[in-house]
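**Q** Sending over a structure as structure tokens; questions will come in a sec.
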Amino acid sequence: MALQEEYEFTSDWFSRSIDAWRRIFSARPAPSQILEIGSYEGRSTVWMIENLLSERGGSLITNDTWEEGAAGDIPLGQNQTEMKFVEARFDRNISIATRRHPKVCVEKCKGHSTLLLSRLLAGGASGSFDLIYVDGSHRAPYVSRKRPN
């Protein structure tokens, strides 16, 4: 018997919110169309796949730049040049999750959220998500229209 693949995460900013998410979604139907801005290693993405989308299926669009940012945006102890490894962990984690839950479709969109949102709106996606989870950069210059130098 083969060993079951396990997810790999090195950071955890999401788990402390799980109780709140469970309370919210115990009182309403689970979403079937999700947009996530800021995916990092995929911890929240995997949770949404396993806890919100796995039974009925659905789709999840994920977005992140997976590029080097300001030192304050990178977890303590992690080297700036390691974002390519963060993205590789995301890819592996999502691959495991979608194999386990084949009714869930995940679309990875690499790049800045402003471009993704513009593309989605231009393509007629206005009002098409049941849930939009925004957990991108935590620094104002990275989420404003003006990009830092």
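All of the numbers you see were taken from the coordinates with simple rules; none came from a lab. Values in this document were obtained by computation on a predicted structure and should not be read as measured data. Every residue, glycine among them, receives a Cβ derived from its backbone with ideal geometry; neighbour counts consider all protein chains shown.
**Q** Give me the net charge of Ser17's neighbourhood, meaning all other residues with Cβ under 12 Å from the Cβ of Ser17; Lys, Arg count +1, Asp, Glu -1.
**A** +1
**Q** So, counting K/R as plus one and D/E as minus one, what does the shell of residues with Cβ under 13 Å around Asp130 add up to?
**A** Counting the neighbours of Asp130, the net charge comes to +1.
**Q** Here is a follow-up. Once you list every other residue whose beta carbon is under 10 Å from the beta carbon of Ile37, what net charge do they have if Lys and Arg are +1 and Asp and Glu are -1?
**A** Values: positive: none; negative: Glu36, Asp64, Asp135.
Every neighbour counted, the sum reads -3.
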